[in-house]
1. Would you check if there is a residue in region 49-64 being modelled with pLDDT of 70 or more and surrounded by fewer than 10 Cβ atoms within 10 Å (Cβ to Cβ)?
2. Yes or no: region 83-95 includes at least one residue that is surrounded by 15 or more Cβ atoms within 10 Å (Cβ to Cβ), under 28 Å from residue 151 (Cα atoms) and at pLDDT 85 or above.
3. Has region 100-123 got at least one residue that is under 20 Å from residue 159 (Cα atoms), surrounded by 10 or more Cβ atoms within 10 Å (Cβ to Cβ) and touching a strand residue (DSSP E or B) at 6+ places or on another chain (Cβ under 6 Å)?
4. For residue 180, work out the one condition from (1) at pLDDT 75 or above; (2) assigned to a helix (DSSP H, G or I); (3) within 29 Å of residue 65 (Cβ to Cβ) it doesn't fulfil.
5. Within region 38-134, considering only helices (runs of 4 or more DSSP H) that don't extend past its boundaries, which have at least 3 residues that are within 21 Å of the chain's Cα centre (by Cα) and touching a residue at least 12 places away in the same chain (Cβ under 8 Å)?
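The values are calculated or read from the model by the stated rules, or taken from the named source; none is laboratory data. Nothing here was measured: the structure is a model prediction, and the numbers come from that model. In this analysis, Cβ positions are derived from the backbone assuming ideal geometry, glycine residues included, and neighbour counts consider all displayed protein chains.
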């Protein structure tokens with residue numbers, strides 16, 4: 001049987017140590033491209049982008065303000081008092097272009113709501129609480145009339161500012177508040193419903209039309 005070992009003769013090869021290989025140096029990662037410096041517009045619009053609901057509400061409110069700008073600062077009057085041209089003593093002073101803004105469906109605003117608010121404004125400025133209206137029938141309760149809006153926060157400009165500016169702001173503020181509030185709460189409710197609503201899992205027989 002051949003021996004597994006090697007003889008000690010000159011034919012035997014001495015084991016030589018392996019040469020150590022130097023590890024390859026890894027190439028440095030490529031440098032990231034420099035980030036563009038945010039502009040002043042980006043930094044100012046970032047808070048609006050982070051609050052989409054509030055941004056949408058403010059945008060709708062801005063559209064309403066732009067639409068009503070002629071009445072707010074343009075010297076126009078947002079009022080249906082043109083219906084008074086159909087009554088005495090203004091029937092003989094009808095302007096030629098009255099048909100472009102005449103709306104008889106809003107006659108109660110000019111013949112009832114405005115007189116009530118003018119009456120309330122006069123009493124408030126004199127330091128009197130408008131609780132009673134002596135000009136209707138033998139007298140009627142005035143403080144409980146909801147159409148006057150005596151305690152409404154939207155009527156506050158009418159009691160403080162002059163009558164023309166007060167009428168404009170009283171008619172403008174509800175539009176802005178309703179537009180912004182509706183958009184804001186509508187988007188919030190839709191988002192919450194989408195998060196809470198899970199797709200319904202129907203049994204196989206219901207999907208096939210059986211049962």
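1. For region 49-64, residues modelled with pLDDT of 70 or more and surrounded by fewer than 10 Cβ atoms within 10 Å (Cβ to Cβ): present.
2. Within region 83-95, one or more residues are surrounded by 15 or more Cβ atoms within 10 Å (Cβ to Cβ), under 28 Å from residue 151 (Cα atoms) and at pLDDT 85 or above.
3. Keep residues of region 100-123 that are under 20 Å from residue 159 (Cα atoms), which gives 109-123.
So of that shortlist, the ones also surrounded by 10 or more Cβ atoms within 10 Å (Cβ to Cβ) come out as 109-123.
Applying the additional criterion that residues be touching a strand residue (DSSP E or B) at 6+ places or on another chain (Cβ under 6 Å) yields none.
No; the residues of region 100-123 include none that is under 20 Å from residue 159 (Cα atoms), surrounded by 10 or more Cβ atoms within 10 Å (Cβ to Cβ) and touching a strand residue (DSSP E or B) at 6+ places or on another chain (Cβ under 6 Å).
4. Checking residue 180 against (1) at pLDDT 75 or above; (2) assigned to a helix (DSSP H, G or I); (3) within 29 Å of residue 65 (Cβ to Cβ), the one that fails is (1).
5. Passing ranges, in order: 52-67.
Condition check ((1) at pLDDT 85 or above; (2) closer than 30 Å to residue 76 by Cα; (3) surrounded by 15 or more Cβ atoms within 10 Å (Cβ to Cβ); (4) touching a helix residue (DSSP H, G or I) at 6+ places or on another chain (Cβ under 6 Å)) across all residues:
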site	(1), (2), (3), (4)
134	yes, no, no, no
138	yes, no, no, no
162	no, yes, no, no
167	no, yes, yes, no
196	no, no, no, no
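Rundown of residues vs (1) touching a helix residue (DSSP H, G or I) at 6+ places or on another chain (Cβ under 7 Å); (2) surrounded by fewer than 14 Cβ atoms within 10 Å (Cβ to Cβ); (3) under 24 Å from residue 73 (Cβ atoms), yes/no style:
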{"residue": "127", "(1), (2), (3)": "no, yes, no"}
{"residue": "148", "(1), (2), (3)": "yes, no, no"}
{"residue": "172", "(1), (2), (3)": "yes, no, yes"}
{"residue": "187", "(1), (2), (3)": "yes, no, no"}
